[in-house]
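One structure is given here, and the rest of the page talks about it.
The values are calculated or read from the model by the stated rules, or taken from the named source; none is laboratory data. Bear in mind that the values here come from a model prediction, so they are computed numbers and not experimental data. Note that we place each Cβ from the backbone using ideal geometry, even for glycine, and neighbour counts take in every protein chain shown. Note: accessible area is taken over every heavy atom of the protein model, side chains too, but ligands, DNA and RNA are not part of it. Shrake-Rupley method; radii C 1.70, N 1.55, O 1.52, S 1.80 Å.
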Amino acid sequence: MDARYDLGDDHRLVGTLCPDLKLTLERPDPDVVTAVTRSADLLREGRGPLLDLVDRAEARDAAAAWTGRVNTVTARTGRVDVDALLIRPDGCVAWALPTGQDLDAIPLVRALGTWFGQPA
């Protein structure tokens, strides 16, 4: 469980199995919290989830072209060291956005292209 694969990113979560985070999912109406689940539950569909943990629209926008292969999920969790995570279908973290850091879309798009093919 403590193996870390070199995926070309220095963030300590990238290349590790995603911790099973307790998530409070949100729907388009930000006043309505509709479900509590775990990050492992999101892998059941065989798609990679992009977890947007603090409502970072620019991360969701960067992944929009991969909608058929990546599920973008806006959720809340108790974790405070990341704003967003891209997780491969096998549970390995492919990209992470540290808390409060400006989004450079290039590494996210690179990870999306590497693990999920060309954008649609």
- Message: Quick check: with the 1.4 Å probe, what order do GLU26, GLU45 take by accessible area, largest first?
- Response: GLU45, GLU26
- Of 58-65, 47-54, ordering from highest average Cβ density within 10 Å down gives 47-54, 58-65
